[in-house]
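The values are calculated or read from the model by the stated rules, or taken from the named source; none is laboratory data. None of the values given here were measured: they were computed from a predicted structure. No Cβ is skipped: glycine too gets one built from the backbone with ideal geometry, and neighbour counts run over all protein chains shown. Note: areas computed on protein heavy atoms with side chains; ligands, DNA, RNA excluded. Shrake-Rupley method; radii C 1.70, N 1.55, O 1.52, S 1.80 Å.
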Amino acid sequence: MNAKDSTAPRILVIEDEPTIIEFLRTGLGYEGYQVVIAPDGRTGFDLANRETYDLIILDLMLPDMDGFDICRKLRARGDETPIIMLTARRDIADRVAGLDMGADDYITKPFSFDELVARIRALLRRQGKHPEQTVLRIGDLALNTETREVSRAGESITLTPTEFALLALFMRHPRRVFTRETLLNRVWGYDYAGDANVVDVHISHLREKIHDKPPRLIQTIYGVGYALHPEDEA
Ligand code: CA
């Protein structure tokens, strides 16, 4: 999907936290979605009523109308747009309440981008709105985004969730250079406060598992980060 493609799914994000707004705007935009931001509940509710979206990401705690309220009112009006509720609360009662109000799914903050995108894809796919191919291939390396199976030259490879998320990100965007900060943001989540060296450690494990010997698929771009280059141009 291309970011400028007007047929790309449109996502309405109703969220008041600037950090998360930026995280979602950048990340979802890069994934090819059209993103519309509503920084408060009232604006979000009005936009959802006026326009059609393929999916709504709805924060629970908002300054004016809260997420429960918006969800309930949209459903009461017959609006069936899929809704993913963002909640900072770990309270099971809140999740159940959100689903009772008509949300389709919820995700608890802090969340990783990968986790959110997986939920978005699943919901859009259910609506028949996600034409994404499920098997990504680069040379003899194959990754199935649904079954989470990875293989190289037909040999099955077992990855940890973090390694899988890294590889899927690289395979979705061949040749793109990712800085360590971007990888931390995308794979570990916007609230990750640890050392960026953790990226190098996981990349090193990932390379070992996919037998990535020089000339490598996952190349180190010195002083910048990493990029996956298909073998024929490595
Ligand atoms: Ca909030």
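Return the residues of the stretch 214-226 that are open to solvent by less than 70 Å² (accessible area, probe 1.4 Å) and either under 30 Å from Thr108 (Cα atoms) or assigned to a loop (DSSP other than H, G, I, E, B) (or both); say none if nothing qualifies.
Within the stretch 214-226, the subset open to solvent by less than 70 Å² (accessible area, probe 1.4 Å) is 217-221, 224-226.
Result: Leu217, Val224, Gly225, Tyr226.
Looking at the stretch 170-182, which of the residues that are part of a helix (DSSP H, G or I) and modelled with pLDDT under 90 is nearest to Pro230 (Cα to Cα)? Working first, answer last.
Step one: list which residues in the stretch 170-182 are part of a helix (DSSP H, G or I), which gives 170-172, 180-182.
From what's left, modelled with pLDDT under 90: 172, 181-182.
Working: Arg172: 12, Glu181: 23, Thr182: 21 Å.
So the residue we want is Arg172.
Run down Leu99, Leu24 and say which single residue is surrounded by 16 or more Cβ atoms within 10 Å (Cβ to Cβ) and not in a loop (DSSP other than H, G, I, E, B). Even if it seems obvious, please write down each step before you answer.
Details: Leu99 fails: surrounded by 16 or more Cβ atoms within 10 Å (Cβ to Cβ).
The unique qualifying residue is Leu24.
Only residues that are within 16 Å of the ligand (Cβ to nearest atom) and in contact (Cβ under 8 Å) with a residue 40 or more places away in the chain: list them for the stretch 62-96, please.
Listed by number, the residues that qualify are Leu62, Pro63, Gly67, Ile70, Leu86.
Of a type outside the set (Ser, Thr, Tyr), crowded, with 16+ Cβ neighbours inside 10 Å and within 16 Å of the ligand (Cβ to nearest atom) - does that describe any residue in the stretch 29-37?
So in the stretch 29-37, the residues of a type outside the set (Ser, Thr, Tyr) come out as 29, 31-32, 34-37.
So of that shortlist, the ones also crowded, with 16+ Cβ neighbours inside 10 Å come out as 31, 34-37.
Next cut, within 16 Å of the ligand (Cβ to nearest atom) only: 37.
Yes, the stretch 29-37 contains a residue that is of a type outside the set (Ser, Thr, Tyr), crowded, with 16+ Cβ neighbours inside 10 Å and within 16 Å of the ligand (Cβ to nearest atom).
Can you tell me which residue among His202, His211 is in a loop (DSSP other than H, G, I, E, B) and touching a residue at least 12 places away in the same chain (Cβ under 8 Å)? Please lay out each step first, then the result.
Details: His202 fails: in a loop (DSSP other than H, G, I, E, B).
Just a single option satisfies the conditions, and that option is His211.
Can you name the number of the only condition in (1) in contact with a strand residue (DSSP E or B) (Cβ under 9 Å, 6 or more places away or on another chain); (2) surrounded by 19 or more Cβ atoms within 10 Å (Cβ to Cβ) that Ser112 fails?
Ser112 satisfies every listed condition except (1).
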